[in-house]
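Heads up, the thing below is written out as structure tokens.
The values are calculated or read from the model by the stated rules, or taken from the named source; none is laboratory data. None of the values given here were measured: they were computed from a predicted structure. We place every Cβ from the backbone using ideal geometry, glycine too, and count neighbours over all the protein chains shown.
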Amino acid sequence: MLVRIDFSSDEAFYVQLKNQIIMGIATSEIREGESLPSVRDLAEDIGINMHTVNKAYSILKQEGYLKLDRRRGAVVCLDADRLRTIEEIRFLLKGTVAKALCRDVSKAELHELLDEVFEEFNGIRKASGADSAQ
């Protein structure tokens, strides 16, 4: 997986890294059971502090995307607690819907955007041979 940090962005490096890893999992570029690079190696490869990578990995572990194994390092291990995941998504969607309402984005436009993004990821998953989400 190729990670690109935007050094001119206002978004924190650990957030950029965390989001890119989640995108990699969502598109099946990174699969269940795969090991991520060590904190030190990834930090060196992308030119950031290893504490920043460690913070991203720790958050991903807390959010149920990774498990930290002494021998294998950070391993993709998706949380099987589907109900908790749905509640987390509901919380995130509330913020997105509030932003949309503030900017006069209609329900139909929001649905269209969600469908578009979902199909984009679903297409990438199908192209990579992963099971499609429905």
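For (1) modelled with pLDDT of 95 or more; (2) surrounded by 14 or more Cβ atoms within 10 Å (Cβ to Cβ), each residue gets a yes or a no:
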{"position": "R4", "(1), (2)": "no, no"}
{"position": "E11", "(1), (2)": "yes, no"}
{"position": "N19", "(1), (2)": "yes, no"}
{"position": "M23", "(1), (2)": "no, yes"}
{"position": "T27", "(1), (2)": "no, yes"}
{"position": "L36", "(1), (2)": "yes, yes"}
{"position": "H51", "(1), (2)": "yes, no"}
{"position": "Y57", "(1), (2)": "yes, yes"}
{"position": "R72", "(1), (2)": "no, no"}
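Residues that are farther than 17 Å from V15 by Cα and within 18 Å of the chain's Cα centre (by Cα), at least 1 per element: which helices (runs of 4 or more DSSP H) completely within the range 31-134 meet that? Give the derivation first.
Details: elements: 39-46, 50-62, 82-102, 107-127.
Counting at least 1 such residues, we get 82-102, 107-127.
Any chance the range 31-54 includes a residue that's in contact with a Gly (Cβ under 8 Å, 6 or more places away or on another chain) and of a type in the set (S, T, Y)?
Scanning the range 31-54, I find at least one residue that is in contact with a Gly (Cβ under 8 Å, 6 or more places away or on another chain) and of a type in the set (S, T, Y), so the answer is yes.
Checking K18 against (1) under 22 Å from V117 (Cβ atoms); (2) touching a strand residue (DSSP E or B) at 6+ places or on another chain (Cβ under 9 Å); (3) of a type in the set (K, R); (4) assigned to a helix (DSSP H, G or I): exactly one of these is not met. Which one?
So K18 meets the others, but not (2).
Select, from A74, A108, the only residue that is among the small types (G, A, S), free of Cβ contacts under 8 Å to residues at least 40 places away in the same chain and more than 21 Å from Q16 (Cα to Cα). Spell out the reasoning first.
Values: A74 fails: more than 21 Å from Q16 (Cα to Cα).
Testing whether each residue is among the small types (G, A, S), free of Cβ contacts under 8 Å to residues at least 40 places away in the same chain and more than 21 Å from Q16 (Cα to Cα) leaves just A108.
Count, please, the residues in the range 74-84 that happen to be at pLDDT below 90 and small (G, A, S).
Matching residues across the range 74-84 total 1.
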